[in-house]
Amino acid sequence: MQPSIPVPATALDAPLAPRKMRPPDPSPTGVACSMSLTPEAIATLSRVSTATITTVLLKKGLRNVWIRGSRPLRPGQKRLVGPAFTLRFVPAREDLATPESWSSPISTRTAIEAMPDGCIAVVDAMGITDAGIFGDILCARMVKRGVTALVTDGVVRDLEGVLGTGLPVWCDGYAAPPSVAGLTFVGWGEPIGCGGVAIFPDDIIVADQDGAVVIPKAFLDLILAEGAEQERMEAWIVEQVNGGAVLPGLYPMNAETKARYAASKK
């Protein structure tokens, strides 16, 4: 084994400031998540299912957009749309994951105060299911902040209270222990991996009964243009199936079926 190379003491003593482990600018302009998603775009996306979005993105080569482990906490939650406000946990480390950390400038409490109205909080909890990232008090504050929903690959705690807040939640269940029992919160407003999916601040999140998907910002116009048409086409195909049509040549459409579908739109 080769001997390790000595590191100068000055290098060890120099404070290292993680790029995102800092309190946010309290002004709205300092929020990492801009609210560029228009009401018209939200209305359009609210009519497009997550299943359709994954199909349209698949045709463009994007296969990994569905957030694993993120299911609606309450049955019947309506489809919701919003720009991603990202938060990140790492594995618990005993000197950092303590109840005292809840009062730190780098805390979930501080991050919630940076969430802009209309955003969807997307939390990378690394799929940990035995420590609840948020409970009823934090979710209640998110409601007051105007947050649209919480999406995570982790779990929540204080289930009855969380449901009582009315905040729509997509998660992997619930657990009694607090976040510091298994996780260390390290920052917000940066790229994360949630449920095995890369999510960047301001990507668009759509969540419904099938789970939550991400629309990369660069593909928003594509989904707005093609998503609604995909829904119309599939609704027409369902009508044909209900009328007794066979699937070959219908789904996917052959040239003759495409012509019939085109004629039906006139």
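Worth pointing out:
- Average Cα contact separation per residue, segment 69-225, under 8 Å, 6 or more apart, as relative contact order %: 35
- Take segment 115-213 with all the other protein chains still there, run a 1.4 Å probe, and you get 31 Å² of accessible area per residue.
- Extension gain for the segment Ala262 to Glu100, taken as residue separation times 0.36 nm less the Cα-Cα distance, is 52.0 nm to one decimal.
- Placing +1 on the Cβ of every Lys and Arg and -1 on the Cβ of every Asp and Glu, with nothing else charged, gives the chain a dipole about its Cα centre of roughly 620 debye.
- Computed magnitude of the charge dipole of segment 140-266 (debye, nearest 20; Cβ of K, R +1, Cβ of D, E -1): 280
- Helix-derived mean residue ellipticity, 222 nm - over the chain, DSSP H n ≥ 4, -39500 (n - 2.57), to 500: -8500 deg cm²/dmol
- For segment 147-161, 3J(HN,Hα) per residue [Karplus equation, 6.51 cos²θ - 1.76 cosθ + 1.60, θ = phi - 60°, Hz, x = Gly/Pro]: 5, 6, 6, 10, 10, 8, 8, x, 10, 10, 10, 6, 3, 4, x
- Protein accessible area in segment 129-240, 1.4 Å probe - carbon and sulfur %: 54
- Separation of the Ala198 and Tyr251 label points, Cα + 7 Å toward Cβ, nm: 3.3
- Pairs exceeding a 28 Å alpha-carbon distance, out of Lys59/Lys265; Lys60/Lys258; Lys78/Lys266; Lys78/Lys217; Lys59/Lys266: Lys78/Lys266.
- Top positive-direction residue, dipole computed over segment 62-109 with Cβ charges, set Ile106, Leu73, Thr86: Leu73
- Sum of side-chain charges, Cys194 neighbourhood, beta-carbon under 15 Å (Lys, Arg +1; Asp, Glu -1): -3
The values are calculated or read from the model by the stated rules, or taken from the named source; none is laboratory data. Computed from a prediction, not measured in an experiment: that's the story for all the values here. Here the Cβ is made from the backbone with ideal geometry for all residues, glycine too, and neighbour counts use every protein chain on show. Note: accessible area is taken over every heavy atom of the protein model, side chains too, but ligands, DNA and RNA are not part of it. Shrake-Rupley method; radii C 1.70, N 1.55, O 1.52, S 1.80 Å.
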